[in-house]
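To keep things clear, I will list the structure first and then write my remarks on it.
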Number of protein chains: 2
Amino acid sequence: REEADGGGKDELARRFECFMAPPVSGMRELRSRRGEMRSRMEMLIMETQGQVCRALAQLDRGAAFTVDRWERKEGGGGISCVLQNGEIFEKAGVNVSVVFGHLSEEAVQQMRSRGKTLKTKDGKLPFCAMGVSSVIHPKNPYVPTIHFNYRYFEIEEADGTKLWWFGGGTDLTPTYLNEEDAVHFHKTLKEACDQHNPELYPKFKKWCDDYFYIKHRGERRGIGGIFFDDLDWPSKEEAFQFVQSCAKAIVPCYVPIVKKHCHDPFTPEEKLWQQIRRGRYVEFNLVYDRGTKFGLATPGSRIESILMSLPLTARWEYMHSPPENSREAKILEVLRQPKDWVH
Amino acid sequence: REEADGGGKDELARRFECFMAPPVSGMRELRSRRGEMRSRMEMLIMETQGQVCRALAQLDRGAAFTVDRWERKEGGGGISCVLQNGEIFEKAGVNVSVVFGHLSEEAVQQMRSRGKTLKTKDGKLPFCAMGVSSVIHPKNPYVPTIHFNYRYFEIEEADGTKLWWFGGGTDLTPTYLNEEDAVHFHKTLKEACDQHNPELYPKFKKWCDDYFYIKHRGERRGIGGIFFDDLDWPSKEEAFQFVQSCAKAIVPCYVPIVKKHCHDPFTPEEKLWQQIRRGRYVEFNLVYDRGTKFGLATPGSRIESILMSLPLTARWEYMHSPPENSREAKILEVLRQPKDWVH
């Protein structure tokens, strides 16, 4: 059995070591159920959190991550890692959560509205949801903001049927457009997707452009990336392998861009434009983001972890409109009309 | 006829002079229909805009209001007055809008969900909505933010029945609690209400505390004031008189507080706390405020005027929590457990 999941106890112990905190389910539990998807996904999200936090901390020597381990009264908990006011990062949060219990009637309704037909018993459904999610806001306006999220959901219906699906994505929000960076970012994501199926990247790239749309502004939040939800094909194993490839692509997607620009000189006007763009980030997250809205409406959810995604500072100027042909106008163009960065 | 509404042409011409811009309906129209509630309300909101803008501009000699007159393709338009980056005010917006046309099916549904039974013809309803709304964010953390809004709505049902109602309110959001100011503010509002009916202030004070609730934080946005909607009693005339008293109370509610504190010394830490509170203001407005949500979802609405309410700058710190017994903790207490300021 130990060979079947790619290693024995020592291999698992080695993987535990890179975690930022003890996992929510406990090491003993993860070890004893290591063949189950829940445990494999929890390992993956914990490893992703560790890898990303270490990569960022290495870049930003002026700062360290604060690690909060929290519990959820209704079942489960999470680990929030936050770096605030570093030299390179203004606010970087990487959050893991593993929650279980019974879906509320509201949540069941919401899932039904998304096309899921769920057979409940007395209106209640046992579920388990876990994920890693992160937003990194750098100080320098030439270093873009990144967001990623990878999650797994399991529901047991009244008749014992088990439903499961994955969701996730990685997307980039620059203050100024750098085409070389945009290509690098999308190319790295495309390569991760292409290992599994050449249809994934184009589909999930479009989904990302559609999802991160600030309708009242007629703009996307950023230059996109990939986004997907309800992924329950071609098989649980293959879907997991795909999610794993995406998670492994986060650091190579982003870290080279940070390294390249984190010491770029910038003017106060460029910082101001960044702050205005941060305001749009807040607008998207509070008005449209499904995860944020769901979290804010869920009793017992941890507000500080949900709103970790908001920037440290943001700005709203009345009727701000950059001059034609400026670099500020150039990024707006791409936000209004998304481009294909790799073919 | 001219005596009936309290003056002749000269009286009206004199009232027009204090407007910040020509009214949306045009002076000729307002004059010829001066007995109708639509026109009387438009006069009131234009006068309120003029009075408030002049009072603020007089306080803040470093700044002037930008006046934008805009038209709505579907019918009507508005006048937005904004002062940004003044000496005393960081961002002050006073907006008038007068819109008419046909209610969308969505808007009809939303009104039905609020308990209105509307008889439509082919699903469409002619309507007219007008109001003045304003948010004033000062620089000094010892000067509170004020918000007010007074509006009038008319709908003509398929069978010719005319529905109408008023809505509005004035509320205060301090960064630090000053009990004397809180009492002055509420007392001024109470006096305006009491002229009409002693039951109004307690009822609308509670409504305000209930409405400006940031559910996910368990806090109110500020220390309240008054709030009401669907006011269609005791008569159109009396409801209008009440709204007029409220509108006239805005300047005496607020200006003495600004004068008292606008030169108070403050530390960078106090400014920081203000910025965190501004973040909460953004959370309320984008997540809960019915007017903002309605505006953002309405095709053809003027986004810049709707989001004028957002502060120039805001801040989100992870897990910020003021020390026990600090002045920051003291205001939080009142936001969590609203107080009665006048009896």
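The values are calculated or read from the model by the stated rules, or taken from the named source; none is laboratory data. Keep in mind it's a predicted model, so treat the numbers as computed, not measured. Cβ atoms come from the backbone with ideal geometry, glycine included; neighbour counts cover every protein chain shown.
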When the residues of the stretch A:102-121 are filtered to those that are more than 23 Å from the chain's Cα centre (by Cα) and part of a strand (DSSP E or B), which remaining residue is farthest from the other protein chains (Cβ to nearest Cβ)? A:LYS121
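If I filter the stretch A:262-284 down to residues being among the acidic types (Asp, Glu) and more than 10 Å from every other protein chain (Cβ to nearest Cβ), which single residue comes out as surrounded by the most Cβ atoms within 10 Å (Cβ to Cβ)?
A:GLU270
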Check whether at least one residue in the stretch A:256-275 is under 30 Å from A:GLY115 (Cα atoms) and either of a type in the set (A, V, I, L, M, F, W, C) or at pLDDT 95 or above (or both), and report yes or no. no
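Filter the stretch A:64-94 down to residues that are in a loop (DSSP other than H, G, I, E, B) and within 13 Å of chain B (Cβ to nearest Cβ) and give me whichever is surrounded by the fewest Cβ atoms within 10 Å (Cβ to Cβ).
A:ASN85
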Being acidic (Asp, Glu) and farther than 21 Å from B:SER134 by Cβ narrows it down to one residue among B:GLU238, B:GLU191; which is it? B:GLU238
For the stretch B:312-327, how many residues meet the condition of being crowded, with 18+ Cβ neighbours inside 10 Å, closer than 22 Å to A:ILE306 by Cα and not β-branched (Val, Ile, Thr)? 5
Given the conditions (1) touching a strand residue (DSSP E or B) at 6+ places or on another chain (Cβ under 6 Å); (2) at pLDDT 95 or above, report the number of the one that B:ASN178 does not fulfil. (1)
Has the stretch A:40-54 got any residue that is in a loop (DSSP other than H, G, I, E, B) and either of a type in the set (Lys, Arg) or closer than 15 Å to A:VAL67 by Cα (or both)? no
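Just checking, which of A:PHE185, A:PHE166, A:PHE148 is in contact (Cβ under 8 Å) with a residue 60 or more places away in the chain, under 28 Å from A:GLU36 (Cα atoms) and touching a Leu at 6+ places or on another chain (Cβ under 6 Å)?
One residue alone meets the criteria, A:PHE166.
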For the stretch B:49-63, how many residues are within 14 Å of chain A (Cβ to nearest Cβ) and basic (Lys, Arg)? 0
Of the residues in the stretch A:18-58, how many are closer than 28 Å to A:VAL258 by Cβ and either touching a Gly at 6+ places or on another chain (Cβ under 9 Å) or among the β-branched types (Val, Ile, Thr) (or both)? 9
Across the stretch B:310-330, what is the total count of residues that are touching a residue at least 12 places away in the same chain (Cβ under 8 Å) and within 14 Å of another protein chain (Cβ to nearest Cβ)? 9
Inside the stretch A:117-167, can you point out the residues that are under 14 Å from A:ASP229 (Cβ atoms) and touching a Lys or Arg at 6+ places or on another chain (Cβ under 8 Å)? A:ALA129, A:GLY131, A:SER133, A:TYR152, A:LEU163, A:TRP164, A:PHE166, A:GLY167
Unique residue being buried (at least 24 other Cβ atoms within 10 Å of the Cβ), outside any helix (DSSP H, G or I) and at positive phi when the list is A:GLY225, A:GLY168: A:GLY225
Just the residues that are more than 10 Å from chain A (Cβ to nearest Cβ), crowded, with 17+ Cβ neighbours inside 10 Å and either in contact (Cβ under 8 Å) with a residue 40 or more places away in the chain or over 21 Å from B:LYS215 (Cα atoms) (or both), please, taken from the stretch B:285-309. B:ARG302
The helices (runs of 4 or more DSSP H) lying wholly within the stretch B:235-343 that contain at least 2 residues that are aliphatic (A, V, I, L, M) and under 25 Å from A:HIS137 (Cβ atoms) are B:268-283
A:ALA158 being surrounded by fewer than 23 Cβ atoms within 10 Å (Cβ to Cβ) and more than 24 Å from A:PHE240 (Cα to Cα): yes
Let me spell it out: the conditions are (1) within 14 Å of chain B (Cβ to nearest Cβ); (2) in contact with a Cys (Cβ under 7 Å, 6 or more places away or on another chain), and A:GLY224 meets all of them except one. Which number is the exception? (1)
